[in-house]
2 protein chains.
Amino acid sequence: MGIDAALLELETLLGDRLSRAKAVRDQHAQSETHLHAGPPDAVAFPRTPIEVSDIASICARHGVPMVGWGAGTSLEGHALALHGGVTIDFSHMDQVLEIRPEDMIVRVQPGITREALNTALRDTGLFFPVDPGANASIGGMAATRASGTTAVRYGTMRDNVLALEVVLADGRVIRTGTAAPKSAAGYDLTALFVGSEGTLGLITELTLRLHGQPEAVSAAVCAFPDMGAAVNCVIETIQHGIPMARIEFLDAASVAACNAFAQMAMPLQPHLLIEFHGTEAGVAEQAERFGEIAAEHGSAGFQWAARTEDRARLWKMRHAAYRACLASRPGCQGWVTDVCVPISRLAEAVEETQADLAQSPVPGPILGHVGDGNFHAILLVDPENPAELAEAKRLSGRMADRALRLGGTVTGEHGIGFGKLGYMQAEHGEGWAVMAGIKRALDPMGLMNPGKLVRPS
Amino acid sequence: MGIDAALLELETLLGDRLSRAKAVRDQHAQSETHLHAGPPDAVAFPRTPIEVSDIASICARHGVPMVGWGAGTSLEGHALALHGGVTIDFSHMDQVLEIRPEDMIVRVQPGITREALNTALRDTGLFFPVDPGANASIGGMAATRASGTTAVRYGTMRDNVLALEVVLADGRVIRTGTAAPKSAAGYDLTALFVGSEGTLGLITELTLRLHGQPEAVSAAVCAFPDMGAAVNCVIETIQHGIPMARIEFLDAASVAACNAFAQMAMPLQPHLLIEFHGTEAGVAEQAERFGEIAAEHGSAGFQWAARTEDRARLWKMRHAAYRACLASRPGCQGWVTDVCVPISRLAEAVEETQADLAQSPVPGPILGHVGDGNFHAILLVDPENPAELAEAKRLSGRMADRALRLGGTVTGEHGIGFGKLGYMQAEHGEGWAVMAGIKRALDPMGLMNPGKLVRPS
């Protein structure tokens, strides 16, 4: 590939917004996980979709790989430049372009983070609900089909991205979807690019669905005798049509970590954290009915947090759970697993995982989004110890195999990147070959984020 | 193409479930619309996915087109065999395969109709909400990305199909999606096949999301001084987070047709029909709040229908609106238009359409799904009068152009088929070429429902 010639052209295009500095390149070779790769040859900081298109045209002409970069918070190595080339960092494209309150949509650039977006929306009475925990970029969240704590009520990025502008591998710019709430006009290209992890194109603009900020919010925490009871409580709540805005669980090991980290004193049992959004009367009714169902399933220590400060404390604890787990084993690194199963199989999946962990030297507190059947074991490994890394890989593999056996998926929300490439054949069979065919159709030279999601060619 | 050799092989495979009878072929050359095509060369009635795969293999080997057929209710000619070949009628594949109440999902074969499915679900406390009006097949609804009156609350087929089994053009069988509620594992092939109109593969099994039958239902009808007031009422209701299960509008011309057809006496003004689903208390609260908002927007003649029989009468009237419109001009045929715009532009879109109609000899009552920005003018044409057909085409074209100008789409729910092929370039630009690339990747010989959705090659 003609990397030198490409970089000369890119420098002419971008000036000092093309960086070959070692520090900048190294910064774009980092990930929060055990996955590593060398740095890209250069990092580009475009300001406009036209510049992104020009970058793609230059890279295509010289056969240079292109890797998108949002906030660097992905967990499966999505943004690492496995084959070198140019990393395209969207941090200079972080604007809200248009808020349309009547249509409850917003147009944004891909580099804006979800927290910055919600700050910009604060006075509109609207918010963007998808919350993966990390303050990820919206473009990155779309590219990985992110979700998180609120998916049970508001859906994932699949459900909340209405339209996209995308730069293709050869520099062509397309628009997918419209500002209308639905369409039956041809293939759903928006859904194809959401979750495509930068392997089909670079997202340069997104139109997102917004939701009304709830009038009233109520949250609660309660303990259950075992996972099965907690899961059955949630199943019954869903079947009764009681709309939970969040429904999270922590296993006893996660509870212990949170107790230590946040000076709390929850009993060492599985816990559910729940939140309702609605009107004052609606939330009160939902809370009461949930309380009744939970009691039937043996819940104890039921604590409502209707006051904002109590609720903030509760969710701060939940969002700090990852750090709490890390703190429970000083010097360790988190190997964050992510599987998703039908909710009827969730208790089984968690309990079998716990049985694996009980026999392993690697600790792994479990937490997850019970309403979606999605959970994570935070495997706490010594990053310098190859035996522990191998053990984490083994445990993670068993979780993935189990998820498939139970009718689920090897990743509910973290994506494939290259960390989970090895499970794609097992999950999709011949469907993985179809994905490769689509990849070839849109990116025949294989320059868009090579080495990710599809079978290496 | 080796049609004769293919038919011999298909006869060996299917016996008398391959029909070359003229009556059967002619029956599969009919559509409910102005669109016409000759009959297929034969009609196959497979019973299993393996038979569908074998049919595809045989057709692929001999270069014979394959066209899927559900209930024949599509409105843009999707199921017509434009280039001859074999129509694959799924009426013998109409079974419920598995109901999983805890996971709120059901696995079905594509030939089951939505009414038969809901009958099968009646005792489970669950239902499948997507309701396009016609008693369409579930496979056909998925293929056209159907929606209808309940999309504002429960979403379209895009949102309610969780997983598919699909037979590809060369006979390969793939499974897309899983029984887990979400996944981030690779390209969203489920979303790609939903709405692909049989041009990428034949759907042989679907896993659908179900919803809890609401405890309480309340409905109402009320008149508004004009479209703008009705639309603003709906926008405000949505912004307040009041969850409408259905929100339909009828213009004065539709009201006149319904009055005559169903012996009602609604005032000749735009009307909204609304329905709420929830608990007794929740529905009562929502109804009260909606009533307040409607009053602020000048509504009159507000009538609640909390009793089942009153509600049934209301929705029977809505569902009969199409027939009522047809009956208002004896001997006419309906040319049903379908556009969708951002809700903030809906009043404008409807009013400009009404202005067009006021100057046209062709009558066109308007009704639609106001919560989605989706509406239809039922153009009442004399099918023997070429001038009227040309005028309907002109009016329909102006509606499509207007929808695009207002940031919407040329079809909210009826799809492209070949009736709307002429608008695809204007809506998608270079994106339409991307669709053609995907089509070539999955169906290089162009045998799956040729002549539909993508640019004719």
Point to revise | Beta bridges per DSSP with both ends in chain B, % antiparallel, nearest 5 | key: 85
Check your understanding: In whole Å and largest first, what semi-axes does the C-alpha gyration tensor of chain B yield when each eigenvalue is scaled by 5 and square-rooted?
Key -> 38, 26, 20
Review point. Based only on the alpha carbon positions, what is the Kirkwood hydrodynamic radius of the range B:108-256, in angstrom?
Key: 17.3
Study note, to complete from the structure: FRET efficiency (B:N135, A:A327; Cβ distance; R0 60 Å; to 0.05) is 0.55
Point to revise | Charge dipole (debye, nearest 20) of the range A:94-212; +1 at Cβ of Lys and Arg, -1 at Cβ of Asp and Glu | key: 220
Study note, to complete from the structure: Per-residue Cβ contact counts at 10 Å, fewest first, order A:C222, B:C59 as A:C222, B:C59
Check your understanding: Modelled label-to-label distance, B:L13 and A:V96, 7 Å Cα→beta-carbon offset: nm?
Key -> 5.6
Check your understanding: Going 7 Å from the Cα of A:E430 in the Cα-to-Cβ direction, what parts of the range B:61-104 have a backbone nitrogen less than 14 Å from that spot?
Key -> B:61
Practice item. On each of the three principal axes of the Cα atoms of the range A:101-142, give max minus min coordinate, whole Å, ordered largest first. Key: 27, 17, 13
Revision key, fill the gap. Pairs over 22 Å Cα to Cα, from A:K420/B:K439; B:K393/B:K452; A:K439/B:K439, come to A:K420/B:K439
Revision key, fill the gap. Of the convex hull drawn through the C-alpha atoms of the protein assembly as shown, the volume per residue in Å³ is 159
Review point. Treating the beta-carbon of each Lys and Arg as +1 and of each Asp and Glu as -1, no other charges, what is the dipole magnitude of chain B about its Cα centre, to the nearest 20 debye?
Key: 520
Study note, to complete from the structure: With +1 on the Cβ of every Lys and Arg and -1 on the Cβ of every Asp and Glu, the dipole magnitude of the protein assembly as shown about its Cα centre, in debye rounded to the nearest 20, is 1020
Revision key, fill the gap. Exposure proxy check on B:V64, A:V410, B:V283: fewest-to-most Cβ neighbours within 10 Å is B:V283, B:V64, A:V410
Revision key, fill the gap. Rounded to one decimal in nm, the spacing of the 7 Å Cα→Cβ label points at A:E296 and B:E296 is 3.8
Check your understanding: What 222 nm value per residue comes from the helices of chain B, counting each DSSP H run with n ≥ 4 as -39,500 (n - 2.57) and dividing by all residues, nearest 500 deg cm²/dmol?
Key -> -11000 deg cm²/dmol
Exercise for review: Order by neighbour count: B:E351, A:E280, fewest other Cβ atoms within 10 Å first, most last.
Suggested key: A:E280, B:E351
Practice item. Using R₀ = 22 Å, calculate the FRET efficiency as 1/(1 + (r/R₀)^6) where r is the Cβ-Cβ separation of A:D310 and A:D123; round to 0.05. Key: 0.30
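Here, each number is a calculation from the coordinates, and none is a lab measurement. Just so it is clear, the structure is predicted and the values come from calculations on it, not from any experiment. Neighbour counts are summed over all protein chains in view; Cβ atoms, including those assigned to glycine, are modelled from backbone coordinates with ideal geometry.
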